[in-house]
Amino acid sequence: MSKYKVVVMDMDDTLMNSENKVSPETQSYLIDIQDKGYKVVLASGRPTEGMIPVARTLKLNEHESYIISYNGGKTINMISEKVEVSKTVSKENFDEIVDYCREKGFLVLTYDDGHIIYDGEHEYMNIESELTGLPMKRVDDIKSYITHGVPKVMGVDYVGNITEARIDLNGYFNEEIDVTTSKPFFLEFMARDVSKGNAITALCEKLNISLEEVIAFGDSLNDQSMLDVVGYAVAMGNASDELKEKADEVTLDNDSNGIPHTLKKLL
């Protein structure tokens, strides 16, 4: 075996191709390396329920592995499907985020009981449902409907407006809430210190594996924290320029089996 033990990857635009599928070549390769003793972990901004079916097709549940959902807000053991770590946005912060998004004219999405909750209209409102397979649930007023902490809140709008807000907020909404983007039209709000990087660091401590023994793949701003902490950081060919600059390697894009292309050299 190589010096690496764990491979962590983002899902959308990294593991998943443009058709929102895992290619047969990537799928069989990832199952094969698990059979050889390597651990594969998925780390995504997606809700948990939007990750589990893909994790099962990659047989993570048969290889004692984990998924990290909501950008690091939850860590799930794939054997039991039990949540081992959970960090949420408080109801008070949720209300403040909704007010901010309404002021900006962004559609607000959040998650409750396996549904995507929303109360407005937007041309891009169904994209998250199409990506994750989770049903949409329209409510009269999202602030009165949500009475408890939530794993993540999302503002949805056109790329120019989201980019402007992201640059303006510069990673922080307030002392308790961090902000990132996964797709250029999604502004994502999570509890402070929730990041893929922090979640992977905690998981490696639990598994008694050094971060130097981890390879990570990503394409977007919300992947930067994990690329910063691992031993070998790989940006997809379709990744943002910001991420490519930080990576140890830029591989092929998500439609060209970039993940196995690089892993065949490293493992």
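The values are calculated or read from the model by the stated rules, or taken from the named source; none is laboratory data. As the structure is a computational prediction, the values presented were derived from the model and not from experiment. For neighbour counting, all protein chains shown are included, and Cβ atoms are generated from backbone atoms with ideal geometry for every residue, glycine included. For the accessible areas, the whole protein counts, side chains as well, though only heavy atoms, and no ligand, DNA or RNA atoms are used. Shrake-Rupley method; radii C 1.70, N 1.55, O 1.52, S 1.80 Å.
Observations, loosely collected:
- Residues of the range 34-51 that are in contact with a strand residue (DSSP E or B) (Cβ under 7 Å, 6 or more places away or on another chain) and assigned to a helix (DSSP H, G or I): 34, 48.
- Of note, residue 4 does not satisfy the criterion of being aromatic (Phe, Trp, Tyr) and either open to solvent by 40 Å² or more (accessible area, probe 1.4 Å) or not in a loop (DSSP other than H, G, I, E, B) (or both).
- When the range 89-123 is limited to residues that are among the charged types (D, E, K, R) and within 20 Å of the chain's Cα centre (by Cα), the one that is farthest from residue 144 (Cα to Cα) turns out to be 113.
- Considering (1) at pLDDT 95 or above; (2) closer than 27 Å to residue 164 by Cα, the lone condition that residue 207 does not fulfil carries the number (2).
- Elements of type helices (runs of 4 or more DSSP H) in the range 192-267, at least 3 residues being more than 25 Å from residue 152 (Cα to Cα), open to solvent by 10 Å² or more (accessible area, probe 1.4 Å) and not aliphatic (A, V, I, L, M): 241-246, 258-266
- Filtering 48, 57 for residues that are touching a helix residue (DSSP H, G or I) at 6+ places or on another chain (Cβ under 7 Å) and either without any contact (Cβ under 8 Å) to a residue 24 or more places away in the chain or open to solvent by 10 Å² or more (accessible area, probe 1.4 Å) (or both) leaves a single hit, 57.
- Considering the range 7-32, and only residues there that are among the charged types (D, E, K, R) and part of a helix (DSSP H, G or I), the residue that is farthest from residue 236 (Cα to Cα) turns out to be 32.
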